[in-house]
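J.: Let me begin by handing over the structure; questions about it come next.
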Amino acid sequence: MIPFEDVLEMPRSPRVLLCAVVVTMFVPSARAQQPTPSPIGSNTISDSREATNQQKDWHFIGHVEMPTDKDTTIYADDVKYTSDDDLAIATGNVTFAQGNNRISAERSEFNAKTGLGTFYNATGIVTLKPPTRPTVLRPGAVAPPTVPGQETSVYFFGEKVEKTGPKTYKITKGGFSTCVQPTPRWDLHASTVTLNVDHYTLLKNSVLTMKGVPMLYVPFIAYPTKKEDRATGFLIPSYGATSLRGQSIHNAFFWAIDRSQDATILHDWFSKVGQGLGGEYRYNYGVPGNGYLSAYMLDQHESTYVQSDGSETIADANRYFQVRGNTSETLPGNIRVRTNVNYFSSITTSQTFNTNIFDATSNQRSIGGNVVGAWGTYTLNGTLDHTEYFYTATDSHVGGSWPKLALSRNERPLFDSPVYFSVGTEFARFLNDSKTSTNDIDSGLTRLDVTPQIRYPFKKWQWFTVNSTVSWRDTFYTRSLDPTSGTTVDDSLSRRFYSLQAQIVGPVFNRIWDTPTNTYAEKFKHSIEPVLTVTRTSTIDNYDRVPQFDGTDGFVGGVNYTYGLNNRFYARRHLTPGAPAQAREILDVELSQSYYTNQNQAQYDRQYQTTTYGGEAPSHFSPIALSVRAMPTNEFTGTMRAEFDSRYHALRTVSASGTYSLSTYLQTTVSWSKRAFIAELQDFNDPTRLDQSINTSVTAHTRDNRYGGVYSFNYDVLNGVMLQQRVSGFYNAQCCGLAVEYQTYNFGAASLSPIPADHRFFLSFTLAGLGNFSPINGALGGVPR
């Protein structure tokens with residue numbers, strides 16, 4: 001949908017140009033509505049003049065300049081004025097000038113007293129300035145600074161322009177454009193334009209033309225022409241075409257509720273499958289709170305698809321809906337509340353409807369919330385989390401906590417000593433429900449946990465530190481595991497143990513090189529940090545009966561030695577021209593492994609991504625973990641992580657990613673991941689669970705943002721299949737723009753889609769001062785317009 005910028009400055013606000021312009025140009029000033037008593041004849045300049053009716057009526061000839069008030073002047077070749085009706089008839093190169101605004105016409109008839117009149121064969125150019133922001137706002141309102149250069153020049157035309165009231169105008173057979181070139185790139189023609197300043201402008205039988213080519217006909221348009229920077233109205237439609245749902249038209253109506261709230265009503269038409277209807281509500285009150293809620297329903301009728309071999313596939317009719325949103329609110333009493341929802345009715349429709357690769361490949365729906373409060377040394381954290389993971393269209397697993405409440409006393413020194421004391425308590429009701437088409441197994445339970453802790457940090461030497469803790473934990477489970485079958489039974493379980501831990505860093509070895517002639521950095525530093533963490537956990541006889549939900553549950557009695565070596569490289573560089581040099585870390589390489597006196601500890605150690613939580617054979621050694629992070633410049637960053645099996649001397653998993661950014665003009669991201677095959681290791685000897693993929697995204701645009709585009713792809717290296725490719729591009733002129741997107745998406749053999757692949761095309765226009773939007777399925781969402 002629409003990128004959520006500050007609600008007060010949203011680019012999709014349909015400020016309509018022509019009507020708002022007249023606010024500045026045509027509304028007469030107080031002096032124009034109540035003319036000065038000076039006679040017309042004494043204020044007007046011309047080459048010659050003729051007076052009749054006792055010098056009450058005038059005929060000005062040649063280079064006429066007739067001021068009607070301080071800011072408004074009429075220029076013409078010939079002006080006839082009659083005092084009985086205050087009527088002035090101007091002919092020949094007529095120009096109406098008010099401030100910086102101009103109207104040129106062949107002829108004009110206007111009342112010099114009321115300021116009302118008519119211009120014939122008129123053209124004009126005016127400047128629409130943004131509204132002045134109030135200096136005093138209600139508490140919590142957001143007022144972004146005024147950005148200079150936001151004025152919009154507007155060109156308009158009409159066979160007849162009638163000023164019918166102080167703020168009402170009527171244009172016959174005319175139109176407008178924000179392009180002020182000799183040949184405008186676009187303009188909007190209409191048989192009748194009724195301008196209502198500070199309200200809405202009505203256009204009948206309007207046609208949008210691009211470079212003189214008619215593009216869109218609309219029988220009736222209502223444009224808001226209010227002074228505010230946001231106004232209610234229809235947004236520019238988008239066009240799409242896909243193999244799965246056919247051609248589509250995406251429409252939206254924007255409602256500017258107030259400065260801090262808005263809503264958008266969406267309607268989609270698909271030629272093959274039916275229609276969709278949705279809406280979005282957003283608000284932003286700054287510190288007190290902000291959020292959005294989006295809801296959408298897709299009503300799909302039965303459709304038939306012809307496959308490449310000539311066979312036909314029929315997709316049944318269905319009604320799909322999705323709801324997304326989040327809120328963040330600050331409540332009295334130093335309490336912060338957050339909520340979130342990402343829910344859909346069908347995993348199959350969700351993955352075929354969304355164009356964003358993240359949403360299209362996501363297999364989970366969730367709803368939840370969080371409340372956090374802090375009072376002195378105490379902190380309360382409450383969480384609701386209901387998440388459902390889908391394996392197939394009918395098989396899923398429900399997890400989360402409903403609810404989880406944690407109350408803790410933060411660390412404080414004991415009796416002004418260097419020893420710190422803290423305590424944490426937690427109540428949690430865990431969801432654990434496995435669903436299939438035939439079974440529904442509920443393994444949920446309730447857990448109560450209490451953990452007091454004492455910590456003593458030894459930091460006398462900078463090159464050698466020891467952080468020691470002593471903790472005791474008492475945990476109660478309303479249900480437990482059957483060690484033989486691994487299923488959850490209704491037997492309660494109590495677990496008590498103590499833990500001693502020492503985190504040792506050092507001795508740290510450093511070496512510094514002075515390189516004053518080096519163009520990259522004037523100094524380099526290499527730091528070698530040996531690390532060792534020793535954890536002694538008392539014996540836990542019933543560890544194999546403890547259900548595994550998070551780190552609280554994964555304790556096994558014994559001693560755990562986690563050792564490693566960290567290599568950090570620093571460079572002292574001039575990051576900003578003319579500023580002093582600054583030291584920054586440019587490379588970090590960390591290598592670690594754990595040794596367990598109790599081999600069963602290897603099955604539950606959450607420090608490692610490939611831990612199987614009871615699924616692998618016991619071992620004294622954990623995998624070897626390698627982590628690399630590089631940041632040599634502000635433009636480039638890279639990360640890599642790999643885990644090697646110490647028993648079978650084989651790679652388990654590896655992932656790497658890199659980003660390169662050139663200011664805001666170029667952003668590239670490349671990532672690669674692989675899960676290897678190990679015949680002797682459970683969970684790694686199943687060929688169906690292996691994967692290897694490459695993901696790439698490139699975004700680029702010119703410095704003036706005139707041209708730009710996005711290219712991304714996701715490639716399945718293991719199976720040699722291109723999962724998706726997406727190409728987007730845009731062109732922005734001074735007053736209009738064009739955005740296009742093309743995507744190919746391979747659903748795969750396991751998908752329930754009626755076709756194996758989808759080809760998608762989307763098109764959107766941008767006109768200066770008029771709002772547009774991205775369809776709710778994510779199309780055109782990444783185009784940096």
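J.: Tell me, what ³J(HN,Hα) does each residue in segment 753-761 have, in order and in whole Hz, if you take phi through Karplus 6.51 cos²θ - 1.76 cosθ + 1.60 with θ = phi - 60° and put x for Gly and Pro?
T.: Per-residue couplings from phi come out as 5, x, 10, x, 8, 10, 10, 10, 9 Hz.
J.: So, one more: Of the accessible area of the chain, with the probe set at 1.4 angstrom, what percent is carbon plus sulfur?
T.: Here carbon and sulfur together make up 57 percent of the probe-accessible area.
J.: Then there is this: With every protein chain left in place, what is the accessible area per residue of segment 330-399 in square angstrom, probe 1.4 Å?
T.: Per residue, segment 330-399 has an accessible area of 48 Å².
J.: Something else: Under 13 Å from the Cβ of SER350, count the other residues' Cβ atoms, weight Lys and Arg +1, Asp and Glu -1, and hand me the total.
T.: Within the 13 Å Cβ shell, the charges total 0.
J.: Further, regarding this structure: Positive end of the charge dipole of segment 353-444 (Lys, Arg +1 and Asp, Glu -1 on Cβ, about the Cα centre): tell me which of THR394, GLY369, SER437 has its Cα farthest that way.
T.: In segment 353-444, that residue is GLY369.
J.: First select every other residue whose beta carbon is under 12 angstrom from the beta carbon of THR633; then total the charges, Lys and Arg +1, Asp and Glu -1.
T.: +1
J.: Would you please give the residues with an amide H less than 5 Å from that of SER468, counting only those at least 5 places away or on a separate chain, with H modeled from the backbone geometry?
T.: TYR456, PHE458, GLN503
J.: Considering only the other residues whose Cβ falls under 12 Å of the Cβ of ASP474, what net charge follows from Lys and Arg at +1 and Asp and Glu at -1?
T.: Summing Lys and Arg as +1 and Asp and Glu as -1 gives +2.
J.: Could you rank the peptides 416-429, 267-280 by their average count of other C-beta atoms within 10 Å per residue, with the highest value first?
T.: Descending packing order for the listed peptides: 267-280, 416-429.
J.: Still on this structure: Which of the listed residues, ALA105, SER646, GLY737, is farthest toward the dipole's positive end in the chain, when Lys, Arg count +1 and Asp, Glu count -1 at the beta-carbon?
T.: Working it through, the farthest residue towards the positive pole turns out to be ALA105.
J.: Match the structure shown to one of the listed values [x] 28.0; [y] 32.7; [z] 29.3 of Kirkwood radius over Cα pairs in Å, computed from it, and give that label.
T.: Only one listed value fits the structure, namely [y].
J.: Fully extended, how many nm does the chain gain between TRP461 and ASN93 (0.36 nm per residue separation, minus their Cα-Cα distance)?
T.: Stretched out fully, the TRP461 to ASN93 stretch lengthens by 123.6 nm.
J.: Ignoring ligands, DNA and RNA, what accessible area per residue does segment 580-692 give at 1.4 Å, in Å²?
T.: Value returned for segment 580-692: 50 Å² of accessible area per residue.
J.: Mind ordering 308-321, 513-526, 530-543 by average Cβ neighbours within 10 Å, highest first?
T.: Most protected by this proxy first, the peptides run 530-543, 513-526, 308-321.
J.: Related question: Given H placed on each backbone N at 1.01 Å, which residues far from SER346 in sequence or on other chains put an amide H within less than 5 Å of it?
T.: When sequence neighbours closer than 5 places are left aside, the close amide H contacts are PHE321.
J.: Pairs LYS70/LYS113; LYS163/LYS204; LYS113/LYS163; LYS167/LYS211; LYS56/LYS173: which exceed 25 Å Cα-Cα?
T.: Distance filter (> 25 Å) returns LYS167/LYS211; LYS56/LYS173.
J.: For segment 498-505, take each phi angle, set θ = phi - 60°, evaluate the Karplus expression 6.51 cos²θ - 1.76 cosθ + 1.60, and give the result in whole Hz per residue in order, putting x for glycine and proline.
T.: Once θ is set to phi - 60°, the couplings for segment 498-505 become 10, 9, 10, 9, 10, 9, 10, 10 Hz.
J.: Also, I was wondering about something else. For segment 256-266, in order, what is each residue's ³J(HN,Hα) by Karplus, 6.51 cos²θ - 1.76 cosθ + 1.60 with θ = phi - 60°, in whole Hz (x at glycine and Pro)?
T.: Going residue by residue, I get 7, 5, 7, 5, 10, 9, 7, 9, 10, 9, 10 Hz, with x marking Gly and Pro.
J.: Mind checking which aspartates and glutamates have their C-alpha under 13 Å from LYS160, skipping anything on the same chain fewer than 8 residues away?
T.: Partners within reach: GLU106, GLU109.
J.: Which one of ASN284, THR612, THR72 has its Cα pushed farthest toward the positive end of the charge dipole of the chain, where Lys and Arg give +1 and Asp and Glu give -1 at the Cβ?
T.: THR72
The values are calculated or read from the model by the stated rules, or taken from the named source; none is laboratory data. In this text the structure is predicted, and so the values were computed from the model without any measurement. Glycine gets a Cβ as well: all are built from the backbone with ideal geometry, and neighbour counts include every protein chain shown. The protein model used for the area step is the full one, side chains on, heavy atoms only, and it has no ligands, DNA or RNA in it. Shrake-Rupley method; radii C 1.70, N 1.55, O 1.52, S 1.80 Å.
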